[in-house]
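Worksheet for the structure shown next.
Every read-out reported here was derived from the displayed coordinates using simple, explicitly stated rules and does not represent laboratory data. Note that the structure is a prediction, hence the values are computed from the model and not measured. Heads up, the Cβs are rebuilt from the backbone with ideal geometry, glycines too, and the neighbour counts pull from every protein chain shown.
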Amino acid sequence: MDKQTPYKSYGEIHEQYIQLRQTAQYIQSQKDAILHFFETGTEIVYLACGSSYWMSLSAKSTMRVRAKRKSYAIKAGDVLLNPDEFQSLFENPVFVCPSRSGSTSEVIEAIKILKNFYPNARLLSLVEYEHSALESVSDLCLRLPWANEQSVCQTRSFSCLYLANILIAGMLGGESILEEQVQRYLSLAPQYYERDIPVLKSIVEQEKMDKLICLGSGTQYGVCIEGAYIVIEVAEYASQYFQMLEYRHGPIVLTDASTLVFMVSSRQSKPYEGKVISEITRAHGKVYLVSTQANPDASHTFLVEEEFCDEIVALHFVFCLQSIAYRTAVHLGRNPDCPGSLTPFIEL
């Protein structure tokens, strides 16, 4: 790996498998407490904002699929600005609040509103800053301090929060295969990273890119969105995201030779991916696929093992986009550690 860089975010992105391993070990150590927490409640409601909300979009879908539990994701800002919409929305919820800082004002205020509506609801938080306001109001707090970054934007912290929620869903669904796949992926991650980092660097430095698009669906869609968002945040570069098939309903008309499309592949989307990829390439766009199977029409496929589930593919996808974000920032002469006027968390 190219470690000759003055930026902290390089290591935070490209060596994150270390913190991912710590996260997996820690979540397994908390299994009894996690299972006990979810003994109550008929609905699981994820509450978050920013990157943690996009993670929650994927987490609630994985919870539905793996644990067969009614699950929803709501934005803290929506609760704060439109509280009446949520007053009678749920019957017997438990709230799950993933947050890097545990101090974002919208989240804390939204919890107060929801607790007033649902006074018996319990709250699980996953937090990476220690001694946070969110931790103090939680019934159970899972602390991941090793995942926190020194740089401003969420990279490895997003990945660790996502991994934690994958594992929690697997626990509730009794899916030991999910834990086994996580361990297998994390054992291979250093090899995957070493293989893919030069390719990702060359994409940024050698390809003409005026538009970057992320495509995904299903349990991967929230992570797909985060892929576009991290490029916006770290590189200060306009990026977009679409559900894979929806891209064909209009937005594809803007595809040209300067369009780079990053697609995260799922088992159910594979029969349709070839058609989408061929349409993009006919419009002279280039497709970079993260998948368990190569596609000959893609400019490059970042391959992971064929038996890996969609969540593992998504975890590798977001690493790839974090790396693209970092390389794009450096290529444009920007500081990936502290882009623009962004801060680690937002206060109202």
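In the chain, the longest principal axis of the Cα atoms and the axis of helix 310-331 are about 60 degrees apart.
Need the C-alpha centroid separation for segment 161-205 versus segment 129-160, integer Å. Segment 161-205 and segment 129-160 have Cα centres spaced 19 Å from each other.
Only helices enter this figure: runs of n ≥ 4 DSSP H residues, each worth -39500 (n - 2.57), summed and divided by the residues of the chain, yield -15000 deg cm²/dmol at 222 nm to the nearest 500.
Note on Val137 and Ser187: with the Förster distance fixed at 22 Å, the Cβ-Cβ geometry gives a FRET efficiency of about 0.05.
Multiplying the residue separation of Trp146 and Gln268 by 0.36 nm and removing their Cα-Cα distance gives an extension gain of 40.5 nm. Shape analysis of segment 7-120 places it in the oblate category; the axes a ≥ b ≥ c from the Cα gyration tensor give an a/c of at least 1.5, with a/b not above b/c. For Ala257 and Glu307, a Förster radius of 35 Å and the Cβ-Cβ distance give a FRET efficiency of 0.45, rounded to the nearest 0.05. Legend: residue pairs Lys60/Lys286; Lys8/Lys112; Lys60/Lys115; Lys60/Lys211; Lys208/Lys275; Lys211/Lys270, Cα-Cα distance threshold 26 Å; pairs beyond threshold, Lys60/Lys286; Lys8/Lys112; Lys60/Lys211. Approximating the spin labels as points 7 Å out from Cα along Cα→Cβ, the His284-to-Val199 distance works out to 2.5 nm. Multiplying the residue separation of Glu109 and Glu91 by 0.36 nm and subtracting their alpha-carbon distance yields 4.4 nm. Relative to the longest principal axis of the Cα atoms of the chain, the long axis of helix 221-235 makes an angle of roughly 70 degrees. Above 32 Å, the calculated P(r) of the chain contains 27 percent of its Cα-Cα pairs. The simple spin-label model puts a point 7 Å past each Cα toward its Cβ; for Ser341 and Gln206 those points are separated by 4.0 nm.
Taking 0.36 nm per residue of sequence separation and removing the Cα-Cα distance, the Gln243/Thr5 pair yields an extension gain of 82.2 nm. Using Cα atoms only, what is the angle between the long axis of helix 176-206 and the major principal axis of the chain, expressed in degrees (0 to 90) to the nearest 10? The angle comes out at about 40 degrees. Taking a ≥ b ≥ c as the square roots of the Cα gyration tensor eigenvalues, with a/c under 1.5 meaning rounded and otherwise prolate when a/b beats b/c, else oblate, which class fits segment 227-285? Oblate.
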